1. Suppose we keep only residues that are crowded, with 16+ Cβ neighbours inside 10 Å and touching a residue at least 60 places away in the same chain (Cβ under 8 Å) within segment 235-246. Which one would you say is nearest to L204 (Cα to Cα)?
2. So which of A177, A99, A189 ends up being in contact (Cβ under 8 Å) with a residue 40 or more places away in the chain, closer than 27 Å to M244 by Cβ, of a type in the set (G, A, S) and surrounded by 13 or more Cβ atoms within 10 Å (Cβ to Cβ)?
3. Can you find a residue in segment 292-301 that is modelled with pLDDT under 90 and surrounded by 14 or more Cβ atoms within 10 Å (Cβ to Cβ)?
4. Mind listing just one residue for me: the one in segment 256-266 that is farther than 17 Å from V198 by Cα and part of a helix (DSSP H, G or I) and, of those, modelled with the highest pLDDT?
5. List the strands (runs of 3 or more DSSP E) that sit entirely inside segment 173-222 and contain at least 2 residues that are more than 18 Å from L254 (Cα to Cα).
6. Report, by residue number, each residue of segment 339-374 that is over 25 Å from Y188 (Cβ atoms) and assigned to a helix (DSSP H, G or I).
7. Going through segment 330-353 one residue at a time, which ones are in contact (Cβ under 8 Å) with a residue 40 or more places away in the chain and over 16 Å from H291 (Cβ atoms)?
8. C59 passes all but one of (1) in contact (Cβ under 8 Å) with a residue 40 or more places away in the chain; (2) more than 14 Å from F10 (Cα to Cα); which number fails?
Amino acid sequence: MIRNLNQVAFQGYGTILSERSHGSVSEIESNYLLELGQGDVTVYQAVTSTCLRVSKGKCVLSVSQDGEDFRQFYLDKPISIHEGVYFILIPFKGEASVAMSAETEPRQVGKRPCDSVRVDHQIRVEGLYTFFYQEREQGFLFAGESHPMPELTYVDQGELHSVADGQDILLKQGDIAIFGPNQWHMHYADIGVAPRYVTITFDLEGVDITPLLNRKFAAPQQAVTLIQQMLREQERMDEFSSDMIISQLSLLMLTLLREASAPTGAKLRTANAIHSENEIIRQAQQYISTHIRQKLSVPLVAKQVDVSPSYLTALFHKNLQISPGEYIRRTKLQESKQMIREDNLNFTEIAAALQYSTVHHFSRQFKEKFGITPTEYAKSVR
(Lines give C-alpha, C1' and ligand atoms only; values in the text may rest on other atoms or scores of the structure.)
Protein backbone atom coordinates (compact mmCIF):
# COMPACT_ATOMS: atom_id res chain seq x y z
CA MET A 1 0.00 0.00 0.00
CA ILE A 2 1.40 3.38 -1.01
CA ARG A 3 1.45 5.89 1.85
CA ASN A 4 1.50 9.65 1.86
CA LEU A 5 5.02 10.97 2.45
CA ASN A 6 5.16 12.92 5.72
CA GLN A 7 7.75 13.32 8.44
CA VAL A 8 5.90 11.28 11.05
CA ALA A 9 5.41 8.25 8.79
CA PHE A 10 8.91 8.55 7.30
CA GLN A 11 10.86 8.88 10.55
CA GLY A 12 13.25 5.99 11.02
CA TYR A 13 14.01 5.94 7.31
CA GLY A 14 15.10 9.53 6.70
CA THR A 15 13.95 13.14 6.60
CA ILE A 16 11.88 15.25 4.22
CA LEU A 17 13.74 18.21 2.74
CA SER A 18 12.24 21.53 1.81
CA GLU A 19 12.86 22.76 -1.73
CA ARG A 20 13.83 26.12 -0.23
CA SER A 21 15.90 24.93 2.74
CA HIS A 22 19.68 24.86 2.88
CA GLY A 23 21.06 21.54 1.88
CA SER A 24 18.02 20.50 -0.09
CA VAL A 25 18.35 18.26 -3.12
CA SER A 26 17.71 21.18 -5.45
CA GLU A 27 20.84 22.87 -4.12
CA ILE A 28 23.04 19.78 -4.21
CA GLU A 29 24.74 18.70 -7.39
CA SER A 30 23.32 15.32 -8.40
CA ASN A 31 25.91 12.57 -8.45
CA TYR A 32 23.61 10.23 -10.30
CA LEU A 33 20.53 10.45 -12.49
CA LEU A 34 18.54 7.23 -12.34
CA GLU A 35 16.36 6.50 -15.35
CA LEU A 36 13.49 4.23 -14.31
CA GLY A 37 11.40 2.15 -16.69
CA GLN A 38 9.35 -1.02 -16.74
CA GLY A 39 10.99 -4.30 -15.77
CA ASP A 40 12.97 -5.33 -12.72
CA VAL A 41 13.96 -2.61 -10.26
CA THR A 42 17.11 -2.37 -8.15
CA VAL A 43 17.27 -2.75 -4.37
CA TYR A 44 19.80 -0.29 -2.88
CA GLN A 45 21.28 0.17 0.58
CA ALA A 46 22.43 3.66 1.55
CA VAL A 47 26.12 3.61 2.55
CA THR A 48 25.97 7.26 3.56
CA SER A 49 23.10 9.73 3.82
CA THR A 50 21.49 9.76 0.37
CA CYS A 51 19.31 12.52 -1.10
CA LEU A 52 16.61 11.80 -3.72
CA ARG A 53 14.44 14.06 -5.87
CA VAL A 54 12.13 13.14 -8.74
CA SER A 55 13.10 15.13 -11.83
CA LYS A 56 10.69 13.56 -14.33
CA GLY A 57 7.51 11.55 -14.09
CA LYS A 58 6.13 10.00 -10.92
CA CYS A 59 7.82 7.58 -8.58
CA VAL A 60 7.17 5.34 -5.60
CA LEU A 61 9.84 4.95 -2.92
CA SER A 62 9.98 1.63 -1.06
CA VAL A 63 12.10 1.64 2.12
CA SER A 64 13.14 -0.90 4.74
CA GLN A 65 15.41 -1.01 7.76
CA ASP A 66 16.13 -4.74 7.46
CA GLY A 67 15.81 -5.44 3.72
CA GLU A 68 12.69 -7.56 4.25
CA ASP A 69 9.78 -5.47 5.52
CA PHE A 70 9.35 -2.63 2.99
CA ARG A 71 7.05 0.39 3.25
CA GLN A 72 6.02 2.33 0.18
CA PHE A 73 5.67 6.10 -0.13
CA TYR A 74 4.64 8.37 -2.97
CA LEU A 75 7.86 10.29 -3.68
CA ASP A 76 6.49 13.79 -4.26
CA LYS A 77 9.02 15.62 -2.06
CA PRO A 78 12.82 15.67 -1.89
CA ILE A 79 14.14 13.44 0.86
CA SER A 80 17.31 12.32 2.60
CA ILE A 81 17.61 8.61 3.42
CA HIS A 82 19.54 7.54 6.53
CA GLU A 83 22.68 5.46 6.28
CA GLY A 84 21.97 1.72 6.21
CA VAL A 85 18.37 2.01 4.99
CA TYR A 86 17.35 -0.18 2.04
CA PHE A 87 15.37 1.50 -0.73
CA ILE A 88 13.80 0.83 -4.12
CA LEU A 89 12.68 3.39 -6.71
CA ILE A 90 9.68 2.28 -8.77
CA PRO A 91 8.21 4.28 -11.67
CA PHE A 92 4.51 4.89 -11.21
CA LYS A 93 2.60 4.25 -14.45
CA GLY A 94 5.30 4.95 -16.98
CA GLU A 95 8.90 6.15 -16.92
CA ALA A 96 10.57 8.40 -14.35
CA SER A 97 13.92 10.00 -13.55
CA VAL A 98 15.31 10.48 -10.05
CA ALA A 99 18.28 12.67 -9.12
CA MET A 100 20.41 11.04 -6.41
CA SER A 101 23.21 12.63 -4.34
CA ALA A 102 25.46 10.85 -1.86
CA GLU A 103 29.07 10.97 -0.71
CA THR A 104 29.30 7.25 -1.41
CA GLU A 105 27.24 5.51 -4.05
CA PRO A 106 24.52 3.28 -2.52
CA ARG A 107 25.21 -0.43 -2.62
CA GLN A 108 23.14 -2.51 -5.07
CA VAL A 109 21.91 -5.61 -3.23
CA GLY A 110 19.44 -7.21 -5.66
CA LYS A 111 16.55 -6.96 -8.11
CA ARG A 112 12.77 -7.11 -7.73
CA PRO A 113 9.83 -7.15 -10.16
CA CYS A 114 8.55 -3.71 -11.04
CA ASP A 115 4.92 -4.59 -10.20
CA SER A 116 5.76 -4.94 -6.50
CA VAL A 117 3.90 -1.67 -5.76
CA ARG A 118 0.59 -3.42 -6.37
CA VAL A 119 -1.29 -4.57 -3.29
CA ASP A 120 -2.89 -8.02 -3.62
CA HIS A 121 -5.39 -9.73 -1.36
CA GLN A 122 -3.85 -11.88 1.36
CA ILE A 123 -7.21 -13.34 2.30
CA ARG A 124 -9.89 -14.47 -0.14
CA VAL A 125 -13.30 -15.94 0.58
CA GLU A 126 -13.52 -18.26 -2.42
CA GLY A 127 -16.98 -19.63 -1.71
CA LEU A 128 -19.94 -19.14 0.61
CA TYR A 129 -21.92 -22.35 1.12
CA THR A 130 -24.43 -21.66 3.89
CA PHE A 131 -25.47 -18.58 5.83
CA PHE A 132 -28.23 -19.35 8.33
CA TYR A 133 -29.90 -17.45 11.12
CA GLN A 134 -31.00 -20.20 13.49
CA GLU A 135 -33.89 -19.73 15.92
CA ARG A 136 -33.93 -22.76 18.20
CA GLU A 137 -36.39 -23.96 20.78
CA GLN A 138 -35.61 -24.35 24.46
CA GLY A 139 -33.21 -27.17 25.25
CA PHE A 140 -32.65 -28.14 21.60
CA LEU A 141 -29.97 -30.65 20.62
CA PHE A 142 -28.12 -30.78 17.29
CA ALA A 143 -26.45 -34.18 17.26
CA GLY A 144 -23.36 -33.03 15.35
CA GLU A 145 -21.64 -33.06 11.97
CA SER A 146 -18.37 -32.46 10.16
CA HIS A 147 -17.76 -31.05 6.67
CA PRO A 148 -14.75 -30.08 4.54
CA MET A 149 -15.12 -26.32 5.01
CA PRO A 150 -14.72 -24.05 8.08
CA GLU A 151 -17.82 -23.00 10.01
CA LEU A 152 -18.33 -19.80 11.98
CA THR A 153 -20.92 -19.64 14.77
CA TYR A 154 -22.09 -16.35 16.31
CA VAL A 155 -24.60 -16.22 19.18
CA ASP A 156 -27.06 -13.37 18.68
CA GLN A 157 -29.36 -14.11 21.64
CA GLY A 158 -29.28 -16.48 24.59
CA GLU A 159 -26.58 -19.07 25.21
CA LEU A 160 -25.35 -22.01 23.15
CA HIS A 161 -23.18 -24.99 24.05
CA SER A 162 -20.72 -25.91 21.29
CA VAL A 163 -18.79 -29.14 21.46
CA ALA A 164 -15.72 -29.89 19.36
CA ASP A 165 -13.11 -32.61 19.84
CA GLY A 166 -14.95 -33.75 22.94
CA GLN A 167 -14.72 -30.41 24.76
CA ASP A 168 -17.83 -28.42 25.67
CA ILE A 169 -17.72 -24.63 25.75
CA LEU A 170 -20.54 -22.23 26.57
CA LEU A 171 -21.01 -19.45 24.01
CA LYS A 172 -22.88 -16.49 25.41
CA GLN A 173 -24.57 -13.65 23.54
CA GLY A 174 -21.99 -11.90 21.36
CA ASP A 175 -19.53 -14.82 21.32
CA ILE A 176 -18.00 -16.33 18.18
CA ALA A 177 -16.43 -19.76 17.65
CA ILE A 178 -14.91 -21.21 14.49
CA PHE A 179 -14.63 -24.91 13.64
CA GLY A 180 -11.97 -26.11 11.22
CA PRO A 181 -12.44 -28.18 8.06
CA ASN A 182 -13.54 -31.75 8.84
CA GLN A 183 -13.76 -30.96 12.57
CA TRP A 184 -16.72 -32.72 14.16
CA HIS A 185 -18.92 -30.39 16.23
CA MET A 186 -22.36 -30.28 17.83
CA HIS A 187 -24.64 -27.70 19.48
CA TYR A 188 -27.20 -27.83 22.25
CA ALA A 189 -28.98 -25.50 24.65
CA ASP A 190 -29.81 -25.83 28.30
CA ILE A 191 -33.41 -26.41 29.36
CA GLY A 192 -35.19 -23.06 29.46
CA VAL A 193 -32.79 -21.43 26.97
CA ALA A 194 -33.89 -20.79 23.37
CA PRO A 195 -30.81 -19.46 21.53
CA ARG A 196 -30.64 -17.56 18.28
CA TYR A 197 -27.39 -17.79 16.39
CA VAL A 198 -25.72 -17.44 12.99
CA THR A 199 -23.81 -20.21 11.22
CA ILE A 200 -21.68 -19.63 8.11
CA THR A 201 -19.75 -22.22 6.10
CA PHE A 202 -17.25 -20.97 3.54
CA ASP A 203 -13.95 -21.51 1.73
CA LEU A 204 -11.03 -19.31 2.71
CA GLU A 205 -7.74 -19.00 0.79
CA GLY A 206 -4.50 -17.10 1.20
CA VAL A 207 -4.27 -17.10 4.98
CA ASP A 208 -3.72 -19.59 7.79
CA ILE A 209 -6.80 -19.53 10.04
CA THR A 210 -5.32 -21.90 12.61
CA PRO A 211 -5.10 -19.07 15.21
CA LEU A 212 -8.90 -18.72 14.95
CA LEU A 213 -9.73 -22.36 15.51
CA ASN A 214 -10.80 -23.88 18.83
CA ARG A 215 -11.22 -20.55 20.55
CA LYS A 216 -14.17 -18.41 21.48
CA PHE A 217 -14.16 -14.67 20.97
CA ALA A 218 -16.21 -11.96 22.59
CA ALA A 219 -16.96 -10.41 19.21
CA PRO A 220 -15.60 -6.86 18.88
CA GLN A 221 -18.16 -4.27 17.82
CA GLN A 222 -16.75 -4.15 14.30
CA ALA A 223 -17.38 -7.90 13.92
CA VAL A 224 -20.94 -7.57 15.26
CA THR A 225 -21.63 -4.73 12.83
CA LEU A 226 -20.34 -6.78 9.89
CA ILE A 227 -22.56 -9.75 10.81
CA GLN A 228 -25.57 -7.45 11.08
CA GLN A 229 -24.76 -5.98 7.66
CA MET A 230 -24.53 -9.48 6.20
CA LEU A 231 -27.95 -10.36 7.62
CA ARG A 232 -29.46 -7.20 6.12
CA GLU A 233 -27.93 -8.01 2.74
CA GLN A 234 -29.40 -11.52 2.94
CA GLU A 235 -32.85 -10.02 3.45
CA ARG A 236 -32.34 -7.50 0.64
CA MET A 237 -30.84 -10.02 -1.80
CA ASP A 238 -30.46 -7.94 -4.96
CA GLU A 239 -27.87 -8.42 -7.71
CA PHE A 240 -25.09 -7.03 -5.52
CA SER A 241 -25.91 -8.80 -2.25
CA SER A 242 -23.85 -11.96 -2.76
CA ASP A 243 -20.68 -9.96 -3.45
CA MET A 244 -21.46 -7.65 -0.53
CA ILE A 245 -21.86 -10.60 1.85
CA ILE A 246 -18.60 -12.20 0.68
CA SER A 247 -16.75 -8.87 1.07
CA GLN A 248 -18.19 -8.39 4.55
CA LEU A 249 -17.22 -11.95 5.48
CA SER A 250 -13.64 -11.23 4.35
CA LEU A 251 -13.56 -8.15 6.59
CA LEU A 252 -15.02 -10.20 9.43
CA MET A 253 -12.28 -12.83 9.13
CA LEU A 254 -9.57 -10.16 9.00
CA THR A 255 -11.05 -8.57 12.13
CA LEU A 256 -10.97 -11.91 13.95
CA LEU A 257 -7.43 -12.67 12.80
CA ARG A 258 -6.34 -9.45 14.46
CA GLU A 259 -8.30 -10.37 17.56
CA ALA A 260 -6.65 -13.80 17.63
CA SER A 261 -3.23 -12.23 18.20
CA ALA A 262 -4.33 -11.23 21.71
CA PRO A 263 -3.80 -13.85 24.45
CA THR A 264 -7.53 -14.21 25.10
CA GLY A 265 -10.12 -16.78 24.14
CA ALA A 266 -11.01 -20.10 25.66
CA LYS A 267 -9.65 -23.24 24.08
CA LEU A 268 -12.08 -25.63 22.50
CA ARG A 269 -9.43 -28.17 21.65
CA THR A 270 -7.80 -30.18 24.41
CA ALA A 271 -4.64 -32.28 24.34
CA ASN A 272 -4.23 -35.09 21.80
CA ALA A 273 -5.29 -37.65 24.39
CA ILE A 274 -8.85 -36.40 24.10
CA HIS A 275 -9.11 -37.53 20.48
CA SER A 276 -9.62 -41.18 21.41
CA GLU A 277 -12.32 -40.15 23.87
CA ASN A 278 -13.91 -37.96 21.23
CA GLU A 279 -14.02 -40.87 18.79
CA ILE A 280 -15.83 -43.03 21.34
CA ILE A 281 -18.36 -40.25 21.96
CA ARG A 282 -18.80 -39.65 18.24
CA GLN A 283 -19.46 -43.33 17.57
CA ALA A 284 -21.93 -43.50 20.45
CA GLN A 285 -23.77 -40.42 19.20
CA GLN A 286 -23.87 -41.79 15.68
CA TYR A 287 -25.30 -45.10 16.89
CA ILE A 288 -27.95 -43.32 18.97
CA SER A 289 -28.93 -41.08 16.05
CA THR A 290 -29.16 -44.00 13.61
CA HIS A 291 -31.18 -46.22 15.98
CA ILE A 292 -33.25 -43.56 17.73
CA ARG A 293 -36.55 -45.29 16.82
CA GLN A 294 -35.39 -48.51 18.43
CA LYS A 295 -35.24 -49.44 22.12
CA LEU A 296 -31.99 -47.95 23.42
CA SER A 297 -30.16 -48.25 26.72
CA VAL A 298 -26.79 -47.17 28.03
CA PRO A 299 -25.46 -50.76 28.24
CA LEU A 300 -26.53 -51.39 24.64
CA VAL A 301 -24.81 -48.25 23.32
CA ALA A 302 -21.69 -48.97 25.40
CA LYS A 303 -21.51 -52.47 23.92
CA GLN A 304 -21.67 -51.04 20.38
CA VAL A 305 -18.63 -48.82 21.00
CA ASP A 306 -16.76 -51.52 22.96
CA VAL A 307 -16.54 -49.80 26.35
CA SER A 308 -18.19 -50.39 29.71
CA PRO A 309 -21.41 -48.53 30.60
CA SER A 310 -19.65 -46.82 33.50
CA TYR A 311 -16.79 -45.59 31.26
CA LEU A 312 -19.23 -44.32 28.63
CA THR A 313 -21.17 -42.50 31.33
CA ALA A 314 -17.95 -40.96 32.65
CA LEU A 315 -16.97 -39.78 29.15
CA PHE A 316 -20.37 -38.19 28.52
CA HIS A 317 -20.32 -36.42 31.89
CA LYS A 318 -16.74 -35.25 31.39
CA ASN A 319 -17.10 -33.98 27.84
CA LEU A 320 -20.80 -33.21 27.33
CA GLN A 321 -21.89 -32.56 30.91
CA ILE A 322 -24.87 -34.91 30.49
CA SER A 323 -25.35 -38.64 30.93
CA PRO A 324 -25.76 -41.01 27.97
CA GLY A 325 -29.32 -41.66 29.13
CA GLU A 326 -30.13 -37.94 29.06
CA TYR A 327 -28.53 -37.64 25.62
CA ILE A 328 -30.76 -40.47 24.35
CA ARG A 329 -33.81 -38.76 25.85
CA ARG A 330 -32.97 -35.39 24.23
CA THR A 331 -32.28 -36.99 20.86
CA LYS A 332 -35.52 -38.94 21.02
CA LEU A 333 -37.54 -35.81 21.80
CA GLN A 334 -35.80 -33.93 19.00
CA GLU A 335 -36.75 -36.75 16.63
CA SER A 336 -40.36 -36.51 17.82
CA LYS A 337 -40.50 -32.87 16.67
CA GLN A 338 -39.33 -33.90 13.23
CA MET A 339 -42.00 -36.60 13.11
CA ILE A 340 -44.68 -34.10 14.15
CA ARG A 341 -43.59 -31.72 11.37
CA GLU A 342 -43.77 -34.56 8.83
CA ASP A 343 -47.42 -35.10 9.88
CA ASN A 344 -47.50 -38.78 8.89
CA LEU A 345 -48.28 -40.26 12.33
CA ASN A 346 -50.52 -39.31 15.23
CA PHE A 347 -49.14 -38.78 18.73
CA THR A 348 -49.88 -42.33 19.85
CA GLU A 349 -48.03 -43.75 16.84
CA ILE A 350 -45.10 -41.39 17.39
CA ALA A 351 -44.88 -42.44 21.05
CA ALA A 352 -44.88 -46.10 20.05
CA ALA A 353 -42.28 -45.57 17.29
CA LEU A 354 -39.95 -43.91 19.77
CA GLN A 355 -40.41 -46.65 22.37
CA TYR A 356 -42.34 -44.60 24.93
CA SER A 357 -44.42 -46.74 27.27
CA THR A 358 -47.54 -44.60 26.77
CA VAL A 359 -48.57 -41.51 24.82
CA HIS A 360 -49.06 -39.75 28.16
CA HIS A 361 -45.44 -40.47 29.10
CA PHE A 362 -44.35 -39.03 25.75
CA SER A 363 -46.52 -35.90 26.15
CA ARG A 364 -45.27 -35.30 29.69
CA GLN A 365 -41.59 -35.52 28.66
CA PHE A 366 -42.21 -33.35 25.59
CA LYS A 367 -43.76 -30.55 27.66
CA GLU A 368 -41.05 -30.86 30.32
CA LYS A 369 -38.39 -30.47 27.64
CA PHE A 370 -39.88 -27.81 25.36
CA GLY A 371 -42.39 -26.02 27.57
CA ILE A 372 -45.36 -26.79 25.29
CA THR A 373 -47.44 -29.89 24.58
CA PRO A 374 -47.12 -31.92 21.35
CA THR A 375 -50.53 -30.58 20.31
CA GLU A 376 -49.44 -26.97 20.80
CA TYR A 377 -46.24 -27.62 18.88
CA ALA A 378 -48.15 -29.26 16.01
CA LYS A 379 -50.41 -26.22 15.70
CA SER A 380 -47.39 -23.92 15.56
CA VAL A 381 -45.73 -25.75 12.64
CA ARG A 382 -48.68 -26.78 10.48
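1. First pass over segment 235-246, keeping only residues crowded, with 16+ Cβ neighbours inside 10 Å: 244-246.
Still in the list and also touching a residue at least 60 places away in the same chain (Cβ under 8 Å): 245-246.
Values: I245: 14, I246: 11 Å.
So the residue we want is I246.
2. Details: A99 fails: closer than 27 Å to M244 by Cβ; A189 fails: closer than 27 Å to M244 by Cβ.
Of the residues listed, the single one that is in contact (Cβ under 8 Å) with a residue 40 or more places away in the chain, closer than 27 Å to M244 by Cβ, of a type in the set (G, A, S) and surrounded by 13 or more Cβ atoms within 10 Å (Cβ to Cβ) is A177.
3. Here is the first cut: in segment 292-301, the ones modelled with pLDDT under 90 are none.
No; the residues of segment 292-301 include none that is modelled with pLDDT under 90 and surrounded by 14 or more Cβ atoms within 10 Å (Cβ to Cβ).
4. Our first condition is that a residue be farther than 17 Å from V198 by Cα; within segment 256-266, this holds for 257-266.
Narrowing the set further to residues that are part of a helix (DSSP H, G or I) leaves 257-260.
On the way: L257: 85, R258: 80, E259: 75, A260: 76.
Result: L257.
5. Values: elements: 175-179, 185-188, 196-205, 216-218.
In segment 173-222, the matching strands (runs of 3 or more DSSP E) lie at 185-188, 196-205.
6. Of everything in segment 339-374, those that are over 25 Å from Y188 (Cβ atoms) and assigned to a helix (DSSP H, G or I) turn out to be T348, E349, A352, V359, H360.
7. Listed by number, the residues that qualify are K337, I340, R341.
8. Condition not satisfied by C59: (1).
The values are calculated or read from the model by the stated rules, or taken from the named source; none is laboratory data. Treat the numbers as computed from the prediction; the structure is a model and nothing was measured. Every residue, glycine as well, gets a Cβ built from its backbone with ideal geometry; the counts of neighbours run over all protein chains shown.
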